[in-house]
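Notes to accompany the following structure.
The values are calculated or read from the model by the stated rules, or taken from the named source; none is laboratory data. Note that this is a predicted model, so its numbers are computed, not measured. Cβ coordinates were reconstructed from backbone atoms using ideal geometry, including for glycine residues, and neighbour counts include every protein chain displayed. Only protein heavy atoms, including side chains, enter the accessible area calculation; ligands, DNA and RNA are left aside. Shrake-Rupley method; radii C 1.70, N 1.55, O 1.52, S 1.80 Å.
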Amino acid sequence: MVTHVTPSICRNCLAYCPILVTVEDGRAVKVAGDPEAPAFEGYTCPKGRALPAQHNDSARLLRIQRRRSDGSFESVVADEALAAVSAKIREVLDRDGPRAIAMYSGTGAGVSHPVGVNVARAFFRAIKSRMVFSPITIDKPAEYTSVALHGNWHAGLQTFETSDTWLVVGANPVIAKSNGAPANNPGVRLKQAQARGMKMVVIDPRRTETAKRAHVHLQCRPGEDAALLAGIIHVIMAEGLYDERFVQEHAVGFDVLKRAVAPFTPEEVARRADVPVMQLLEAARTFGCGRRGGAICSTGPSFSTHSNLSFYLALCLNTLCGRWAREGDVAPFPNVLLPAFAPRAQPYAPYPVASERRMRVHGLTENACGMPTAALADEILLDGEGQVKVLFCLGGNPVLSWPDQAKTEAALSKLELLVVLDYQMSATAQFAHYVVPPPLSLEVPGSTQRVEALKYHGVSRGYSIPWAQYTPAVAQPPAGSELMDDGTFFFRLAQELGLQLDWMNVRGQASSLENPTESIPLDMSRVPSVEDLIELSCRNSRIPLSEVKRHPHGHVYELGVQVEGRDPACEAMLQLGDPTMMRELQEIAVGPAAPTPSEEWPLQLLCRRANNFMNSVGQGVPSLNGGDTHTPAFMHPSDMRALELTEGHLVVIRSASGHMLARIQADDSLRVGLVSVVHGFGSPVRFDASELSLGSVTRLIDMTERDPISGIPRMSALPIRVERYGGAA
Ligand SMILES: Nc1nc2c(c(=O)[nH]1)N[C@H]1C(S)=C(S)[C@@H](COP(=O)(O)OP(=O)(O)OC[C@H]3O[C@@H](n4cnc5c(=O)[nH]c(N)nc54)[C@H](O)[C@@H]3O)O[C@H]1N2
Ligand SMILES: Nc1nc2c(c(=O)[nH]1)N[C@H]1C(S)=C(S)[C@@H](COP(=O)(O)OP(=O)(O)OC[C@H]3O[C@@H](n4cnc5c(=O)[nH]c(N)nc54)[C@H](O)[C@@H]3O)O[C@H]1N2
Ligand code: SF4
Ligand SMILES: [Mo]
């Protein structure tokens, strides 16, 4: 037996932790944190350590699957599958035009294998279909809409590492490693920040692992974030805690905002959000009095009521207090494997939110956050010109992630062709005509360029430090498998159809917002390897990929880049008083923003991430699921007593639109009256038990209450009730 230990990168979530992989005869058998890697202190989480279990799972798909007419699946060789899929594409293109062909590119592909997504996008440009959807519009679309309405900052937000105050609204970075604190070992980063005197404010109805470390935790009613942020702005303005000079130089709309937040007095806001007024004042003063800092929002406010407004007001708070990187600062969020750029301490002007490209349903358009995914099922179901007939689902799991599971299933069943690229027979793959399994992350090369690019998706996302790493493939695909990475699949499909694919690359002078692109025609006579595509994507990088490869454990580069001053020719100003946002603020000033408990719906649903699962990935792994594959739902012990529930009871959770099954766990970190449910569960085939198929929280969600821009439905602060499960839900 040949055994060796080799450094690599975990690509299970966007923390991209450096790891050491023990490889035995080409198979990964153990994953541990890499103590030699800089900036992570050897950190890993249980998901990363379970990579060998994922790679060696006996349920992993090893060959392309084709659905038979009786619903069962059979293996087919790649040539046969590609010929059949391309013939269908040709037929639909000729008959219905490009709009009938759509793609949903999910989190699995975007995180684990980003270059493949680029080839898929090139394919869609080549067939001239703009029907390209992603989870962004069912995740934090308000990150994009708020920036479009408020404007952005060329040099980005001040960094966590240099701040002495920080405001986190509805994020739990200790678990999610996504937003709100640095993703490299967030627990240690928070401890270090506290030791240097940072005072953090957390707004969350649950005393989360992050909130426990806060200087002030506002354990508010869910859905009142916009009112709370308006209240904090009210106090900061009233007490003169804002940066007058910064506002004068870089922003307009101060007086408009001041009038709009006038009704949000501390007393009124404390009453409606049900927090102590002294705590609210302290939160405002903590943020306002700090020297440097940042305010960020995440999925809590995004899934809840008035999400665009909450995110917009957080940006206003950053502008009021001048929390953007200043002239002379060491450049935050610098590019290493992305092209060099010279950050400037100046704004980008606001830009239009919606485009003219209309969906046929729900009055939605393509917008600043992309195509509205929540509307795609209705778009597939609605007969008529422009109807979607073919869907490629690339590393996503709509049955467990789109709202309204029954509608999603009906839509997927109606498609003439559904191709799912996934390594497992997911809840969605069951509806596919073809399932194409890719090699998994440790079997392909990867680089940290993907996590650098996160800054284009939100003002405080991605790494603020100049860290980069490259990994070759460190394990072999299972013996006897015929796998096809996502990029190869779309490239070969293009070859079958005689299409020319053009690769889009970021070119020089990319900044925090703009990433101008160059289009490179791919040589269609030869299928590029994943390595070729990584080389191509890094061809304009600030530090050459060849240099990054010299540090197999990763490296933090001393780039010596400083933020430059405002260009005298720059006329852009940040917008504090956007009229649409001000109108929405007026509306919530006179009425409650969040639902109030009723006899029919006495409780409210809260969203939640779990440390052991990445969305719908990991639920079938014994070392992660602790032997139970039911959906965990957390409740305060006093609510459990009122319903005569004890830990481990199965319950039915009902909303106005559906019901689901979950297993109750006691959690006194919650506010009374809330039920916090982990999403991503409920894969029936995987667990081979019909009751487990009722486990998806998407069964409680529909499109009745949705955001007018992105279409994201209400997925938190949702009225529900809970009943003991008697056996038949
Ligand atoms: N371990 C793990 N990590 C993950 C994922 C995973 O599944 N597992 N998923 C990844 C993905 S796709 C994403 S988008 C990110 C998400 O990352 P986060 O946005 O940090 O997600 P959560 O950890 O669920 O934190 C959301 C918090 O919002 C609170 N909340 C709920 N409703 C409200 C409200 O109305 N107002 C306020 N203020 N708070 C509210 C919840 O109590 C919860 O603590 O995590 C990523 N990382
Ligand atoms: N009710 C409710 N709905 C939600 C959420 C919620 O909290 N509550 N969260 C929302 C959020 S924030 C998000 S991001 C979305 C997530 O929505 P999706 O992205 O649709 O869901 P995932 O569960 O992340 O799906 C990932 C899929 O990719 C596959 N996969 C993993 N690795 C690879 C790979 O290397 N290659 C390929 N081809 N496939 C791979 C996995 O097997 C899995 O089936 O859901 C959203 N929907
Ligand atoms: S936090 Fe866990 S899953 Fe995410 S990259 Fe690190 S080890 Fe992997
Ligand atoms: Mo997400």
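DSSP finds beta bridges in region 595-724, and of those with both partners inside it, around 65 percent are antiparallel. Charging the Cβ of each Asp and Glu at -1 and of each Lys and Arg at +1, and nothing else, the dipole of region 595-724 about its Cα centre rounds to 240 debye. Across the chain, Cα pairs under 8 Å and at least six residues apart give a relative contact order of 20 percent. What the Cβ-Cβ distance of Arg271 and Arg357 gives, at R0 = 56 Å and to the nearest 0.05, is a FRET efficiency of 0.85.
Over region 135-247, accessible surface divided per residue gives 26 Å², non-protein components excluded, 1.4 Å probe. Between the residues Ile720, Ala642, Leu606, the greatest Cα displacement towards the positive end of the dipole of region 595-724, with unit charges on the Cβ of Lys, Arg, Asp and Glu, is found for Leu606. Distance between the 7 Å Cα→Cβ label points at Ala195 and Ser481: 4.1 nm. If you plug the beta carbon distance of His4 and Val252 into 1/(1 + (r/R0)^6) with R0 = 45 Å, you get a FRET efficiency near 0.15. Find the percent of Cα-Cα distances in region 525-638 that exceed 25 Å, and round it to a whole number. Tail fraction, whole percent: 71. For region 208-279 versus region 61-110, the inter-centroid distance based on Cα atoms is 50 Å.
The slack between Val527 and Leu382, meaning 0.36 nm per residue of separation minus the straight C-alpha distance, is 48.5 nm.
Placing +1 on each Lys and Arg Cβ and -1 on each Asp and Glu Cβ, with no other charges, gives region 270-338 a dipole about its Cα centre of roughly 140 debye. Could you tell me which residue out of Thr3, Gly197, Val21 lies farthest along the dipole of the chain toward its positive end? Charges go on the beta carbon: Lys and Arg +1, Asp and Glu -1, centred on the Cα centre. Looking along the dipole axis, the top candidate is Gly197.
Legend: helices of the chain (whole DSSP H runs) are marked when their alpha-carbon atoms reach 27 angstrom or more along the helix axis and their mean Kyte-Doolittle hydropathy is at least 1.6; nothing is marked.
Summing Lys and Arg as +1 and Asp and Glu as -1 over all other residues whose Cβ lies under 14 Å from the Cβ of Asp532 gives a net charge of -2.
Here's how it looks for Val132: its modeled amide H is under 5 Å from those of Met103, which are all 5 or more places away or on a different chain. Considering only alpha-carbon pairs that sit under 8 angstrom and 6 or more positions apart, the relative contact order computed for region 7-136 is 16 percent. If we count every other residue with Cβ under 10 angstrom of Leu442's Cβ, Lys/Arg +1 and Asp/Glu -1, where does the sum land? It works out to a net charge of +1. Each Lys and Arg adds +1 at its Cβ and each Asp and Glu adds -1 at its Cβ; summed about the Cα centre, the chain shows a dipole of about 540 debye. Just to be sure I understand the curve: with the Debye formula and one point per C-alpha of region 423-503, what is log10 I(q)/I(0) at q = 0.11, 0.21, 0.24 Å⁻¹? Rounded to two decimals, the profile gives -0.49, -1.09, -1.10.
Give me the Debye-computed log₁₀ of I(q)/I(0) at q = 0.06, 0.08 Å⁻¹ for the chain, equal point scatterers on Cα only, no solvent, two decimals. Debye curve over Cα of the chain, log10 I(q)/I(0) at q = 0.06, 0.08 Å⁻¹: -0.33, -0.61. Structural descriptor for region 208-313: relative contact order 41 percent, calculated from alpha carbon pairs under 8 angstrom and at least 6 residues apart. When the Cα positions of Thr208, Phe254, Gly231 are compared along the charge dipole of region 188-265, Thr208 comes out farthest toward the positive end, with charges on each C-beta of Lys, Arg, Asp and Glu.
Note that region 595-724, at 4 °C in a medium of 1.567 mPa s, gets a Stokes-Einstein diffusion coefficient of 86 µm²/s from its Kirkwood radius over C-alpha pairs. Neighbours of Lys30, meaning other residues whose beta-carbon lies under 10 angstrom from its beta-carbon, give a summed charge of 0 when Lys and Arg score +1 and Asp and Glu score -1.
Summarising the label geometry, the points placed 7 Å from Cα in the beta-carbon direction at Glu647 and Arg95 lie 5.7 nm from one another.
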